[in-house]
1. Compute the length gained on full extension between Asn365 and Lys300: take 0.36 nm times their separation in residues and subtract their Cα-Cα distance, giving the result in nm to one decimal.
2. Ranked by Cβ crowding within 10 angstrom, fewest neighbours first, how are Thr343, Thr238 ordered?
3. Restricting to DSSP loop positions (anything but H, G, I, E, B) with no more than 16 other Cβ atoms inside 10 Å of their own Cβ, which trypsin sites (Lys or Arg not before Pro) remain in the stretch 362-454?
4. Quick check: pseudo-label points 7 Å beyond the Cα along Cα→Cβ at Glu263 and Lys398, how many nm apart are they?
5. How much length is gained if the chain between Lys409 and Ser70 is pulled fully straight, taking 0.36 nm per residue apart and subtracting their Cα-Cα distance, in nm to one decimal?
6. Return the subset of Lys223/Lys245; Lys376/Lys409; Lys266/Lys452; Lys151/Lys255; Lys154/Lys413; Lys148/Lys169 for which the Cα-Cα distance in this structure is over 26 Å, preserving the input order.
7. Quick one: what do you get for the stretch 295-450 if you divide its Cα Rg by 2.2 N^0.38 Å?
8. Each residue of the stretch 236-251 in turn: what ³J(HN,Hα) in whole Hz from Karplus with 6.51, -1.76, 1.60 and θ = phi - 60°, glycine and Pro shown as x?
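Only the coordinates and a few stated rules stand behind these numbers; no lab work does. Note that the coordinates shown come from a computational prediction; the quantities given were computed from them, not determined experimentally. A quick note on method: Cβ atoms are made from the backbone with ideal geometry, for glycine too, and the neighbour counts reach across all protein chains shown.
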Amino acid sequence: MATTAIWDVKDNLKRVLDYCANPNKTTNIDFSEYAYQGLNNVLEYTAQDIKTEKQMYVSCLNCEPETSCSEMISTKIRFQKEDGILAFHAYQSFAPNEVSAETAHQIGIEFAQAMWGDRFEVQISTHIDKEHFHNHFVINSVSFVDGKRYKDNKANYRLMRKLSDELCKKYDLSIIKKPRGSSLHYAEWQANQKHKPTERSLICDDIDFAISQSMTYTQFLNKLKEMGYKVKTNVKYTAVCPPNKSNYFRLYKLKSDGSYDEEHIKERILENKTVRYESLQPTITIQKFVFKGDLSKQRKLTGFRALYFKYMYMMGILPQNRASNKRVHFLLREDLRYMNQITKETTLLCKQKIDTIEQLDYKENMAKYQLDSYIKERRCIYNKIKRCRSTETKELLKKDIASLSADIKRLRKEVVLYEGIRKRSVTMKNKLHQIYELEHQQEQKQALKKSKQI
């Protein structure tokens, strides 16, 4: 299975100003290069040694790898088209463990040749620093043949998808299959296939709960409002907006079979003979995690660990000390799709005993330093193998490479987790604060309502 994407590479004033203000670049600068800094940046990024195993998987069409940037610039100057979009950056990603680095790169070359090879200069780089090998393509925006610009439109993107799928079939790789007539966005359809929660499925869960607690359609709408939803009723089709979201969803469009339109909801409400006040749990299965050991003997958690544990308790991932009828908030339930990643990050925080941002920075820097040293050591061994003539020695060196590769893979995953913790912790704090504010507002409304009744 290969996914594709393409976007344009543009320069901007801020980057030029930052580039000019860099003290390391303010002496003997060629000002003619300013406009092409963005192009040079993307070419350098896609051909990084760390990502391509010292550029073993970097190729070019209609230009040379060493001079690809200058050749692309020359083409622009020759046809007097130095303004506008500098280049296009395309992407082709394969499923984890589905293809070797050599095959991925060969597919990338054939793909680039079929898509752009007859008119444009292209750099192809295969990145193998992630579990899913992926190709990067940097395409000059101006053709070296006739000087015409490349058109990044829907027709060309459909052609990209078609060529990519044809090559996947040629090399016996899986392709993305989406049923015809589906009105869902592909990402949502894919999440449904993997039985992961989506925004629509979470809304449906809340609607099911509101229906179970209502005897009339008005009570149903009021229940949704109590749960933090905004409801549009003075329109042709009733629409709802989840808590702290901006997009409205029409009820009849939540499911393709129309089972959540107004008429079906009213029929289900009429079936309620009595109002059920007990909490209706979401239809999403939540995996429980049990930590062994006596937590009472552990010191009180603070910082990152306290934040993650509180978040997991509120999501229902970790069991509570006492039974709670409180429904998991919408903002937390939507993160159930990232449950495995959150538990990995929590495990790393506990294993490394990280509570503060300083500790996180230190551990991340240590992991990056060790990762760089292992990569350099592996490169040296690769060079030794090239010069070595003894088969026995080569086999021993290959074993060393295998061992280093395992350590590199582990450290890369660890670095990704550190980066994830840094970003997710901010999101967690914001969501918990939003939930606190919403609950506080709800309590105030209920208190005011009771005071009026008295």
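1. On the way: separation 65, 0.36 × 65 = 23.40 nm, distance 2.67 nm.
Roughly 20.7 nm would be gained on extension.
2. On the way: Thr343 16, Thr238 20.
In increasing order of surrounding Cβ atoms, one gets Thr343, Thr238.
3. Values: sites: Lys363, Lys368, Lys376, Arg378, Arg379, Lys384, Lys386, Arg387, Arg389, Lys394, Lys398, Lys399, Lys409, Arg410, Arg412, Lys413, Arg422, Lys423, Arg424, Lys429, Lys431, Lys445, Lys449, Lys450, Lys452; in loops: Arg389.
The qualifying sites are Arg389.
4. 6.9 nm
5. Details: separation 339, 0.36 × 339 = 122.04 nm, distance 3.49 nm.
Going from the current span to full extension adds 118.5 nm.
6. Details: Lys223/Lys245 18 Å; Lys376/Lys409 14 Å; Lys266/Lys452 30 Å; Lys151/Lys255 37 Å; Lys154/Lys413 35 Å; Lys148/Lys169 32 Å.
Distance filter (> 26 Å) returns Lys266/Lys452; Lys151/Lys255; Lys154/Lys413; Lys148/Lys169.
7. Working: Rg = 22.9 Å, N = 156, 2.2 N^0.38 = 15.0 Å.
After normalising by residue count via 2.2 N^0.38 Å, the value is 1.53.
8. Using θ = phi - 60°, the values come out as 4, 10, 4, 10, 10, 10, x, x, 6, 10, 10, 8, 8, 10, 6, 4 Hz.
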